[in-house]
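No lab work stands behind these numbers, since they all come straight from the coordinates. Note that the coordinates shown come from a computational prediction; the quantities given were computed from them, not determined experimentally. Here the Cβ is made from the backbone with ideal geometry for all residues, glycine too, and neighbour counts use every protein chain on show.
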Amino acid sequence: MKDSQEFDHRPDPELGAALRAALEPKDDQQVFVARVMAQYKRAWDRASVPTLDVLASWFRPGIAAAVAALILGFVFGRTMLTPAPASIDAAMAPLEGPGLAALVTAPDPPDASVVFSSLVDQR
Amino acid sequence: MFAEREGGGGGAGEAGGAGGPQPPPGAARMGSSEEDKGLVAKTLAGDRDAFGTLVERYAAQARRVARAVLGDPDDADDAAQDGFLSALVKLAQYDTHRPFGPWLMRIVANAATDRRRRRSVRQAEPLDPSLVGGGPRPDAVAMRNELGARLRTALGELSERRRTAVVLFDVEGYSHAEIAGILGIPEGTVRSEVFHARRRLRTLLADWKEQAR
């Protein structure tokens, strides 16, 4: 064994042997090998499926889902974002006060401040 | 988890002094690189026995590395098995220009790390109290068992990366560059990790030898 303060690029045979003995499995190696090989077929089947096939199998439903999402999004967006067309009556209806239509049809000349404030409200 | 990049550093040489790097006893190279590549090619062609040979070659090494990460031997075997099967699934991705051992060990180490993270409670291997106190040692086997238990405990006190690095270097014989590829860390960090791990383990080993006299 070498000085513990020494930096050495080479493996330490004594320490390596002691560690190896400490980590060495106690049972028969063949038992482990048999255990791994018992799972061979399942792993091989997984390995045998080409990656492109896996991607392709994801691809088709992906396209269908994307198209469906686009259609739904378009319909929903149109419904929610497009304002309903306003009728002329609704446009002329007062928000508060007599409103533009009442002022226009009144027999007496209107107060100018009321007319202007009504027009500004309509905007 | 350790790095997922392919290849294990390619077995770059080390500036190992006059004699260059020396393989430790029973070092990692379970078979020649060319033999491994041939077995990989046969496995990819569907040869079950070829894969079996690869498992036989690397089983001991994979189990030791997994045990270095996990501590518990049963968990380690589960992780090593996961590693072999995962390697089979990913075998088509293996770059045959690089050595097979580091590639496989990276997968095994990752499998062990995954398993360790999944464990809700860390199950440190309990140390027999009679061993800690340096009790009677009836024979050489008991002494070796005692040393093994102490080393496993000491390994368990190191960080996962540090203990994996020292096991890969001193037990399995991988170069710093290869370990850097396996663990996904810079080569200088590997050197540092190995240095610190050795300092702790060598102290323990020296104390034990002193007591054994």
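The table below lists the values:
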{"quantity": "Neighbour-count ranking [beta-carbon atoms within 10 angstrom, fewest first] of B:175, A:48, A:113, B:33", "calculated": "A:113, A:48, B:33, B:175"}
{"quantity": "Sites residue A:30 and residue B:92, calculated FRET efficiency, Cβ-Cβ separation with R0 22 Å, nearest 0.05", "calculated": "0.20"}
{"quantity": "For segment B:136-187, with +1 on Lys and Arg beta carbons and -1 on Asp and Glu, the positive-most of B:159, B:184, B:142 along the dipole", "calculated": "B:142"}
{"quantity": "Above-threshold pairs, the threshold being 18 Å between Cα atoms, out of A:26/B:90; B:42/B:90; A:26/B:37; A:41/B:37", "calculated": "A:26/B:90; A:26/B:37; A:41/B:37"}
{"quantity": "Fully extended contour minus Cα-Cα distance, from residue A:59 to residue A:9, at 0.36 nm per residue", "calculated": "12.9 nm"}
{"quantity": "Residue A:17-residue B:207 FRET efficiency (beta carbon distance; Förster radius 22 Å; 0.05 resolution)", "calculated": "0.80"}
